[in-house]
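The values are calculated or read from the model by the stated rules, or taken from the named source; none is laboratory data. Computed from a predicted model, the values in this text were never measured in an experiment. Neighbour counts run over all protein chains shown; Cβ positions are idealised from the backbone, glycine included.
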Amino acid sequence: MNVERVRDYCLAKPMATEDFPFDDTTLVFRVMGKIFASIGLDDVDWFCLKCDPDYAIELRERYAGIAGAWHWNKKYWNQIAITHGDVPDDLILHLIDHSYDEVVKKLPRRQRELLAVSR
């Protein structure tokens, strides 16, 4: 897996956008203004995804390439090794989907309806 594939996959999600809200190197991906993924372009070996808290613990116990995200709430955010480690590419894509879905399910009903129409 590489950063370009991660970026393309994130941006292919309905109504996904990207921006640099923190600095010139931390790229975030949002849906309806809410962050679902982040990657530091100064170190593209790792990126951060939102995760269900119980699932996050399970993943961290199973994969050395998944840990609590540095600078993020470790209860809800994992950092995933994309260029090295033991996390398969298909799992990385699944975790991007999971992160996106975690954010969408907490959006107000009206925003979820707009997303449903755009799919």
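Considering each of 37, 64 in turn, give the residue that is touching a Phe, Trp or Tyr at 6+ places or on another chain (Cβ under 6 Å) and either part of a loop (DSSP other than H, G, I, E, B) or surrounded by 21 or more Cβ atoms within 10 Å (Cβ to Cβ) (or both).
Details: 64 fails: touching a Phe, Trp or Tyr at 6+ places or on another chain (Cβ under 6 Å).
Answer to the selection: 37.
Would you mind telling me which numbered condition in (1) surrounded by 19 or more Cβ atoms within 10 Å (Cβ to Cβ); (2) closer than 20 Å to residue 84 by Cβ residue 50 fails?
Looking at each condition in turn, residue 50 falls short on (2).
When you look at residue 4, is it part of a helix (DSSP H, G or I) and modelled with pLDDT under 95, yes or no?
Here the answer is yes, as residue 4 does meet what is asked.
Answer yes or no: is there a residue in the stretch 104-115 that is at pLDDT 95 or above and surrounded by 20 or more Cβ atoms within 10 Å (Cβ to Cβ).
No, the stretch 104-115 has no match at all.
Between residues in the stretch 71-94 that are in contact (Cβ under 8 Å) with a residue 60 or more places away in the chain and more than 17 Å from residue 34 (Cα to Cα) and residues that are surrounded by fewer than 16 Cβ atoms within 10 Å (Cβ to Cβ) and among the charged types (D, E, K, R), which pairs lie under 9 Å by C-beta distance while being six or more apart or on different chains?
82/5; 82/45; 82/89; 83/45; 89/5; 92/5; 93/5
Return only the number of the condition from (1) part of a loop (DSSP other than H, G, I, E, B); (2) modelled with pLDDT under 95; (3) out of contact with any Ser or Thr (no Cβ under 8 Å at 6 or more places or on another chain) that residue 13 does not satisfy.
Result: residue 13 fails condition (2) only.
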